[in-house]
Amino acid sequence: MHPIILFNPRIPGDLEKARAAGEEILEYCIEAGRHDHREHGVGMEKNGLMAKQFTPESLEMMRKLKVLFDPDNRLNPGKMLPTGRGCAEIRQPAPPPVRR
């Protein structure tokens, strides 16, 4: 699966609904024994959910491999393993609501 959840950040609550839908899809996939990503890796919005998909030992092994091949963290910093920073688009405040 490669779901794309569209939302309008100018409509109050849309971002939160999109995040919740993404988490629900991911949780369903995990329960079904799958992940909702493959060749592209984990999207920035899902970094914080990796602990639901992988054991601490697996995450540590991924971190060690990342450091082995990229000791200066130049290749896609923060894109493989959670950093706690999240996606720039998600961190920015939403634009003003749409006036109707």
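The values are calculated or read from the model by the stated rules, or taken from the named source; none is laboratory data. This is a predicted model, so every value here is computed, not measured. Heads up, the Cβs are rebuilt from the backbone with ideal geometry, glycines too, and the neighbour counts pull from every protein chain shown.
Residue-wise test of (1) modelled with pLDDT under 85; (2) touching an Asp or Glu at 6+ places or on another chain (Cβ under 7 Å); (3) loosely packed, with under 13 Cβ neighbours inside 10 Å; (4) of a type in the set (D, E, K, R).
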{"site": "Met1", "(1), (2), (3), (4)": "yes, yes, yes, no"}
{"site": "Ala21", "(1), (2), (3), (4)": "no, no, no, no"}
{"site": "Leu49", "(1), (2), (3), (4)": "yes, yes, no, no"}
{"site": "Asp70", "(1), (2), (3), (4)": "no, no, no, yes"}
{"site": "Asn76", "(1), (2), (3), (4)": "yes, no, yes, no"}
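Taken over region 25-43, residues that are closer than 14 Å to Ile4 by Cβ, surrounded by 12 or more Cβ atoms within 10 Å (Cβ to Cβ) and modelled with pLDDT under 70 amount to 3.
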